[in-house]
Amino acid sequence: MLKLKTYCVKPGKKVKLKDWNPADKSASPGTGADDARELAELAARLDELQDLLYAEHKHKVLLVLQGMDTSGKDGVIRHVFDKVDPLGVRVASFGVPTKEELDRDYLWRVHKVVPGKGEIVIFNRSHYEDVLVVRVHDWIDEKEVQRRFKQINAFEKLLADNGTIIIKCFLYISKAEQKRRLQARLDDPTKRWKFRLGDLEERKLWDRYMSAYQDVLNQTSMSYAPWYVIPADSKSSRNLLISRILIDTLERLKMKYPEPEENLDGVVIK
Ligand code: AMP
Ligand code: MG
């Protein structure tokens, strides 16, 4: 039995990224065909749970996806949510802030797009960029970083207190795997558009990024908003693990379909 807890950063516990292995494939021990079958089953189950979430109209679900370039954020959205009804799922992607966004506090653009009741929202990057990319480039000082950790914890607590279930996944790839994937992007004409020369500048800062991610895990994994470290060198293992975490979390909510209006038994449609 796969223990999901192994991948969760226990609140209050100091962790080191090297406690996890990006190449870990425990979530997908089977053959490629086994993995595909299992992922299809999990996707169908996720669709059922999303239908229930939508119908019950009580909880809000926020899935935060963070990771280096090519770590598979887009791939998770495409494959894990393959069978889920688009009615109840929304993706919010966070790129370089616009002038309008930079003129305001960094949580402004984030708070606007959080999930409403019955909705699942996937953050493709997130407010965590504001303690990652901006920290790694020294665009903010250490005092501001610490201030932001507190602000982020308070912000997520506010969301959680208002019925938001928050799951945060760090897609952890190795530097060697990123090299392969960046090369694959260059070589494939249908993927080349995703390649930006700037990505190579970020790659040079790999160690600084890993240290910043480790701090994020240590400072912002809370019982109400836990971080999971997802070994992501294997795409199938990554997808299966995130699917299972989502399903496990949603099943714990013990959701129920709303009671129908009374006296429906005798209703005849003419
Ligand atoms: P992609 O996800 O590949 O489309 O790239 C989005 C880019 O936007 C990445 O290079 C991020 O680091 C960058 N980005 C996202 N949020 C911020 C932010 N708050 N400040 C600066 N850059 C950001
Ligand atoms: Mg990119």
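Points worth noting:
- Subset of region 67-76 that is surrounded by fewer than 24 Cβ atoms within 10 Å (Cβ to Cβ) and under 10 Å from the mean Cα position of the chain (by Cα) - its residue that is nearest to ligand 2 (Cβ to nearest atom): 73
- Conditions (1) within 12 Å of ligand 1 (Cβ to nearest atom); (2) open to solvent by less than 50 Å² (accessible area, probe 1.4 Å); number of the one not met by residue 206: (1)
- Taken as a whole, the structure leaves residue 253 outside the set of residues that are assigned to a helix (DSSP H, G or I) and within 28 Å of residue 171 (Cα to Cα).
- Test: residue in region 227-240 that is more than 15 Å from ligand 1 (Cβ to nearest atom) and of a type in the set (Lys, Arg): yes
- When residues in region 130-173 are screened for being over 18 Å from the mean Cα position of the chain (by Cα) and closer than 19 Å to residue 201 by Cβ, 7 of them pass.
- Residue check for residue 29: at pLDDT 95 or above and in a loop (DSSP other than H, G, I, E, B): no
- Taking residues in region 172-192 that are in contact (Cβ under 8 Å) with a residue 12 or more places away in the chain, and partners anywhere that are open to solvent by less than 60 Å² (accessible area, probe 1.4 Å) and among the acidic types (Asp, Glu), the pairs with Cβ atoms closer than 6 Å and at least 6 places apart or on different chains are 173/233; 174/233; 177/233.
The rows are residues; the columns are (1) at pLDDT 95 or above; (2) under 16 Å from the mean Cα position of the chain (by Cα).
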| site | (1), (2) |
| --- | --- |
| 213 | yes, yes |
| 218 | yes, no |
| 221 | yes, yes |
| 226 | yes, yes |
| 230 | yes, yes |
| 239 | yes, yes |
| 246 | yes, yes |
| 260 | no, no |
| 269 | no, no |
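- Residue 61 being surrounded by 13 or more Cβ atoms within 10 Å (Cβ to Cβ), farther than 24 Å from residue 158 by Cα and in contact (Cβ under 8 Å) with a residue 40 or more places away in the chain: no
The values are calculated or read from the model by the stated rules, or taken from the named source; none is laboratory data. It should be emphasised that the depicted structure is a prediction, and the values quoted were computed from it without experimental measurement. Backbone-built Cβ (ideal geometry, glycine too); neighbour counts: all protein chains shown. Accessible surface areas use protein heavy atoms only, side chains included; no ligands, DNA or RNA. Shrake-Rupley method; radii C 1.70, N 1.55, O 1.52, S 1.80 Å.
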